[in-house]
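Worksheet: the structure to be examined is printed underneath.
Rule-based calculations on the coordinates, nothing more; no lab input. On a predicted model such as this, the values are computed, not experimentally measured, just so you know. A quick note on method: Cβ atoms are made from the backbone with ideal geometry, for glycine too, and the neighbour counts reach across all protein chains shown.
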Amino acid sequence: MKDSLIYLDNNATTACAPEAWTAMSLYMAGTYGNASSLHYAGRVAHKAVEEAREKLAALLSVQKHELFFNSGATEGNNWIFLSILKSQPEKKRIVISSIEHKAVLLSAGDLANFGYEIVELPVTADGVLDLAAAAAQITPATLLVSVQYANNETGVIQPIAELVEMAHRQGALFHCDAVQGLGKSILDLSSLAVDSACFSAHKIHGPKGVGALFLRHGARSWPLKYPFQGGGQEHEIRPGTLNVAGIVGFGAAAELLHKHLPERLSYMTQLQQFLEEQLESNIPGCIIHGKNAPRIPNTTYVSVPNIPADMLLANLPLFAISEGSACNNGAIGMSYVLKAMSVSPDIAETSIRISTSFLNTRAELRGFMQSLCSVISHFAREEKDDSRS
Ligand code: PLP
């Protein structure tokens with residue numbers, strides 16, 4: 001990475017913690033056994049995997065046997081819907097929010113081709129799921145409700161506890177894509193009664209391509225069929241040779257987070273307040289999406305009036321920020337999240353997402369604000385010149 005680049009795109013991914021890659025390097029070089037092998041090298045790898053599982057379980061306040069390592073949240077979300085497809089249960093109604101990540105929207109959408117009814121719940125103008133609509137749509141015919149913990153674009157936290165209660169009252173399962181909640185709020189799965197949830201290590205300063213699926217009470221309690229087949233690893237939930245080094249890195253990142261979460265949360269909250277005060281006092285007419293809703297403390301999705309986001313980003317080459325979701329970059333059209341919040345296209349197309357981590361500083365945000373303000377002045381001057389000529 002260029003030394004001069006200021007990284008403000010932590011909802012896309014985070015810097016891998018030195019403690020994580022140091023721990024991983026051991027299992028990539030000398031200690032390379034397969035965690036399923038019965039010989040010494042295998043037993044060492046197996047022990048390392050189980051230690052990582054313990055660290056993640058402690059962070060999430062769950063039992064070790066409720067966690068299954070995989071490649072990340074995309075796989076975890078797909079697993080849930082593939083599991084339904086493979087089981088063909090009697091109930092065919094699935095309720096999701098309209099602002100889910102594509103890993104949920106598209107895998108739920110696929111089920112529509114197999115006779116399932118997919119209901120997408122609306123959100124308010126602040127990006128919070130409409131609970132009245134949820135109450136009307138979650139019926140006794142509902143098999144599964146799937147709602148994300150926090151939105152990757154706006155950072156808005158969803159009313160998961162209320163939704164879980166509604167789902168369970170009607171006999172439905174509840175799945176939560178919790179990838180953007182971990183490390184950005186107190187996510188205690190012992191009190192949040194979701195049936196399943198998924199996570200990615202790279203969002204919490206761990207390595208990419210490794211994650212975990214949480215199934216309450218463990219593999220045997222999952223009422224549907226498992227979608228994958230292979231060597232039986234992870235109690236058949238995720239067969240395939242384990243990514244030992246990645247899992248060790250995930251464990252190290254989880255341990256660090258567990259130790260430092262309260263201070264990281266309060267630090268990111270201060271950064272967010274500082275940034276948003278600066279934006280509102282320096283940029284007349286700017287709109288912070290979801291400002292009045294509960295939000296994770298690292299995300300600010302802001303519309304800068306009159307300057308298309310792609311132009312803004314092209315003029316801020318020293319800052320890693322994004323136009324909404326990284327996973328949608330390159331896609332044509334406005335953000336479906338902002339569309340669901342009834343944001344007009346001209347406001348949506350001028351919106352950029354700044355997502356910090358505990359590694360960012362106030363000085364970096366000050367530098368960002370200075371550059372942003374000078375780009376805005378430059379565009380204003382150009383517009384003035386154009387209107388004169
Ligand atoms: N769900 C949400 C809400 C996300 O923000 C992301 C990634 O940004 C994912 C799922 C997918 O995560 P991964 O790419 O690590 O599989």
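Here are some notes:
- In this Cβ point-charge picture (+1 for Lys and Arg, -1 for Asp and Glu), segment 118-177 has a dipole of about 220 debye about its Cα centre.
- Tensor-based shape of the chain (alpha-carbon gyration tensor, a/c under 1.5 rounded, otherwise prolate or oblate): oblate
- Summing Cβ point charges (Lys, Arg +1; Asp, Glu -1) relative to the Cα centre of segment 200-255 gives a dipole of roughly 180 debye.
- For Ser71, the shell of other residues with beta-carbons less than 12 Å away shows a net charge of 0, using +1 for Lys and Arg and -1 for Asp and Glu.
- Within the chain, DSSP assigns beta bridges of which about 50% are antiparallel (rounded to the nearest 5).
- Among Gln148, Gln158, Gln170, the largest mean-square fluctuation in a Gaussian network model of the chain (Cα springs under 10 Å) belongs to Gln170.
- Of Met334, Met28, Met268, the one that fluctuates the most in a GNM where the chain has Cα springs shorter than 10 Å: Met28
- Applying the Karplus relation 6.51 cos²θ - 1.76 cosθ + 1.60 with θ = phi - 60° to segment 284-294 yields 3J(HN,Hα) values of x, x, 5, 10, 9, 5, x, 4, 8, 9, x Hz, where x marks Gly and Pro.
- Between 0 and 90°, nearest 10: helix 102-111 axis offset from the chain longest Cα axis: 60 degrees
- Using a Förster distance of 45 Å, the FRET efficiency for Ser36-Asp110 (Cβ separation, nearest 0.05): 0.90
- For the set Lys208/Lys339; Lys102/Lys225; Lys47/Lys259; Lys184/Lys339; Lys102/Lys203, the pairs lying more than 19 angstrom apart at their alpha carbons are Lys208/Lys339; Lys102/Lys225; Lys47/Lys259; Lys184/Lys339.
- Against the main long axis of the alpha-carbon atoms of the chain, helix 40-60 sits at an angle near 50°.
- For segment 262-283 versus segment 346-372, the inter-centroid distance based on Cα atoms is 10 Å.
- Given +1 at the Cβ of Lys and Arg, -1 at the Cβ of Asp and Glu and no other charges, the dipole of segment 181-309 around its Cα centre is 300 debye to the nearest 20.
- Mean Cβ count within 10 Å, highest first, over the residues of peptides 179-189, 254-264: 179-189, 254-264
- For the pair Arg43 and Ser190, a Förster radius of 41 Å applied to the C-beta separation gives a FRET efficiency near 0.85, rounded to the nearest 0.05.
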